[in-house]
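Okay, structure first, notes after.
The values are calculated or read from the model by the stated rules, or taken from the named source; none is laboratory data. Computed from a predicted model, the values in this text were never measured in an experiment. Neighbour counts run over all protein chains shown; Cβ positions are idealised from the backbone, glycine included. The accessibility values were calculated without ligands, DNA or RNA, using every heavy atom of the protein model including side chains. Shrake-Rupley method; radii C 1.70, N 1.55, O 1.52, S 1.80 Å.
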Amino acid sequence: MATRGTRSEKVRRIFNQFDANRDGGLNREEMASLVGAVNPRVKFSDEQINAILDEVFRTYGEFIDGDKGLTYEGLLRTYDDGAGDVDRDFDALGLDLVAADAAKEPLAALEASSSSIVDERMAVETQKKQRTAAWAVSPNHGIVFDETWKIVDDLELLVKRLKVKQSKEGGKLKNDNFDAYSDAGWSRELGPSAEISEKRVMWEESGHDYAVFLKELGGLRGRADGARSREEAFDGHMAIGRVLYEHQLFKEALVSFKRACELQPVDVRPHFRTGNCLYVLGRYKEAKEEFLLALESAEAGGNQWAYLLPQIYVNLGIALEGEGLVLSACEYYREAAILCPTHFRALKLLGSALFGVGEYRAAVKALEEAIFMKPDYADAHCDLASALHAMGEDERAIEVFQKAIDLKPGHVDALYNLGGLYMDLGRFQRASEMYTRVLAVWPNHWRAQLNKAVSLLGAGETEEAKRALKEALKMTNRVELHDAISHLKQLQKKKTKPSNGGASGEASFVIVEPSKFKVVGDKTTGRQELATALQIRALQRVARLSRCSVELLKKEMSERDVPVSYSGSGVPEKSIRKPSLEEILHRLLNFLKPETFQGAVKAINERILSVLDENGSGRLDLGMFFAILAPICGGPPDRRKRVAFDALLWRPMNEDGANIRKFDATLYIKLLRAVYLPSQGVSELMEVRGDSDTSMVSFSEFLVMFDDPDWGFGIMPTLVKLETGDRNRHGDTVCSVCRYPIIGSRFKEIKSHFSLCNQCYSEGKVPSSFKQDEYRFKEYGSEGEAMKDKCMCFSLQFHNEK
């Protein structure tokens, strides 16, 4: 095993061997030669070599010196990180350390033989400088004062000592997979270290060794505070923070960067690094605030920090996404791409964010631009394929997913999403293969395990599906798994031949035309009406709006002062841009986790904002938006209608009285129907022309328009019924078509006595074994209603027999 001194010399010899042009760096061609030479038994393809080089140049971006390539310090760092074995590579190349020393540096060899102890100490000191050289000597972000170098050297020794002790004591120091920076596009200069994206070091913070480390670290901070000038103290704390950050001691790095912020409040760097630390620690809101301070300082600093603005915009966007504010993030990614058109990560992030809010065409354009600039960008290929699938271009999506997997065989998102695409296409065997590959990379991925079971079920492999479900059940106890197991049991009880393209083991059915579906009693919902209400309810559930009280809309209108602007036609409006609207939604839905909030914004953007912003200006009439939202928020139906009316009254052209213009009321009803009843409302919206009608409408007249079953929103009572009962279970009763347990209303056919769930009833599906001229259904909201009706039937039958 090489000592530290001989180790660094061996790396130097390897570096010199392949630095063919002697420019002090290993470019891609030289690195390719090195990779091939130290692995003589492996025949790499060009794609494999490119993938390896991309990973090295990405991970060690701080050690890349322009076109020259990877510096000696960078190569040394790769070996320090375990990317290769110095002794093995040195021997594989047939290099001779002693001979090389004698031939090239006879004086140095002589000195080394006379004082090995001194040489070893010098090697350690050199190594410490090498570890920080890439950033420490940078003219804009490096170490300025000699005393700071001494602090850094001492800190490196402290960290090394802590690492050794924690590694010895029962493996306290852990390396875990950490995907918070899954190629998130952090800037190379100011962003987090690229190696964080691969491994997260988990330090044991509760032991004695860590307490001793903190005490000694406090001493170093005291030395920095005791510097001769404010500038030197700033330099010391920034350097301490950088070293701690590199070693993933984020909490302690945060302390140092915050102290640097206090010393130089208008400097960009400490705010930016503070933001990075806060993001890694999951404190997204605070991270956003620090990035905004960095942005403010950069913009005020003129040209000094102009080249950093794209990186600041990108990291600010990432922090906003951490909060769930994807529309806002899009704005900053666009700014970064405008300032730096070659910033392929900004374009990738923009495309991914646009996909996340349902703007698929714009997403495809941004992602294709990112791939044009970086053809081997696996993450961009994955998101492009997802966007193409959302647009219905499935065959092209499969090709692009496969390209992402070719570039990165263990790309979990690409494998999982391709599995979902195959499921949608009914290619269940291929879907199962994809989920199996996901589980090979991520064994505890319960969703992949569940979807594997479903795909196996679709492929007719019932026993394999059963085993896969049992494995999923070991991973999580979610209700979805219990429903799937119940479904599997039902299919085993009733195995029929497939029809309508149904998979083996799935109950066969026929789809009946609407005219053959009849209802029994005035409380049974019609098939077409239920289908429409289910679509609205689906939006309501995804956006979680039933948990948002309509009173919060009223409060938002009364407490927020929105400036009046003028549309192209000169009509005054309280209009705002989409990112500002997203912030309002964030307040209204503050009980949601960021990822759930993103899903809510996507649903609202696709169904509501796309109609209200038909011309794509990016601005929306806030009063009209509140009025459209009110009917599907939480609260009594009458109160929802009142708040919708108040929202229209809140608009500038109506706010002086108790009535609204008839034109506005008509436009509102048309928009409401275009949003929630798109098959009927869009054509009606086209009929709205001009605003010459100056007559006014009172609240009572508005209610008549709203409740009209043909031209208003008369479907609201059905929606309310779904809200109150769509979680009701009906004991062991299963749908006769899909064989899933019935949740929500149960529709029982009076003559043949089979039962349908909400979804199958709305789609007109009936078991093919029951062929009738017409089907008459009665709706039961709960098992109790069904039992009561059954008892009444028995009582009536008994009475007739007497």
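Values as computed for the structure displayed
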{"item": "Asp376 touching a helix residue (DSSP H, G or I) at 6+ places or on another chain (Cβ under 9 Å), modelled with pLDDT of 95 or more and closer than 17 Å to Ala346 by Cα", "result": "no"}
{"item": "Any hit, segment 68-86, residues being in contact with a Gly (Cβ under 9 Å, 6 or more places away or on another chain), open to solvent by 50 Å² or more (accessible area, probe 1.4 Å) and at pLDDT 75 or above", "result": "yes"}
{"item": "Every pair of residues 6+ apart whose Cβ atoms lie under 8 Å, when the first sits in segment 751-778 and is open to solvent by 10 Å² or more (accessible area, probe 1.4 Å) while the second is assigned to a loop (DSSP other than H, G, I, E, B) and among the acidic types (Asp, Glu)", "result": "Asn758/Asp726"}
{"item": "Options Asn500, Asn477; residue that is modelled with pLDDT under 85, outside any helix (DSSP H, G or I), in the same structural domain as Ala378 (by the TED database) and farther than 30 Å from Glu47 by Cβ", "result": "Asn477"}
{"item": "Subset tally (residues that are surrounded by fewer than 22 Cβ atoms within 10 Å (Cβ to Cβ) and either in contact with a Lys or Arg (Cβ under 8 Å, 6 or more places away or on another chain) or farther than 19 Å from Glu471 by Cα (or both)) for segment 429-450", "result": "4"}
{"item": "Single condition Asp394 does not satisfy, out of (1) open to solvent by 40 Å² or more (accessible area, probe 1.4 Å); (2) farther than 28 Å from Ala346 by Cβ", "result": "(1)"}
{"item": "Pairs with Cβ under 7 Å, 6+ apart, first in segment 505-519 and outside the structural domain of Val766 (by the TED database), second at pLDDT below 90 and part of a strand (DSSP E or B)", "result": "none"}
{"item": "Search result, residues across segment 520-574 that are open to solvent by 50 Å² or more (accessible area, probe 1.4 Å), at pLDDT below 85 and part of a loop (DSSP other than H, G, I, E, B)", "result": "Arg560, Asp561, Pro563, Val564, Gly568, Ser569"}
{"item": "Leu685 at pLDDT below 65 and either assigned to a helix (DSSP H, G or I) or outside the structural domain of Phe626 (by the TED database) (or both)", "result": "yes"}
{"item": "Qualifying residue in segment 21-37 (condition: free of Cβ contacts under 8 Å to residues at least 24 places away in the same chain, open to solvent by less than 60 Å² (accessible area, probe 1.4 Å) and closer than 21 Å to Glu246 by Cβ)", "result": "no"}
{"item": "Yes/no for Ala600 being under 25 Å from Trp711 (Cα atoms), touching a helix residue (DSSP H, G or I) at 6+ places or on another chain (Cβ under 7 Å) and crowded, with 18+ Cβ neighbours inside 10 Å", "result": "no"}
{"item": "Residue in segment 435-454 that is at pLDDT 90 or above, under 27 Å from the mean Cα position of the chain (by Cα) and of a type in the set (Gly, Ala, Ser) present", "result": "yes"}
{"item": "Subset of segment 1-21 [at pLDDT 85 or above, part of a helix (DSSP H, G or I) and more than 15 Å from Asp85 (Cα to Cα)]", "result": "Asn16, Gln17, Phe18"}
{"item": "Among the residues listed as Ala253, Ala233, the single one being buried (at least 22 other Cβ atoms within 10 Å of the Cβ) and touching a Cys at 6+ places or on another chain (Cβ under 9 Å)", "result": "Ala253"}
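Table: residues versus (1) at negative phi; (2) in the same structural domain as Arg541 (by the TED database); (3) open to solvent by 50 Å² or more (accessible area, probe 1.4 Å); (4) not basic (Lys, Arg).
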residue: Phe626; (1), (2), (3), (4): yes, yes, no, yes
residue: Leu629; (1), (2), (3), (4): yes, yes, no, yes
residue: Asp638; (1), (2), (3), (4): yes, yes, yes, yes
residue: Val643; (1), (2), (3), (4): yes, yes, no, yes
residue: Leu648; (1), (2), (3), (4): yes, yes, no, yes
residue: Arg651; (1), (2), (3), (4): yes, yes, no, no
residue: Ala658; (1), (2), (3), (4): yes, yes, yes, yes
residue: Asp664; (1), (2), (3), (4): yes, yes, no, yes
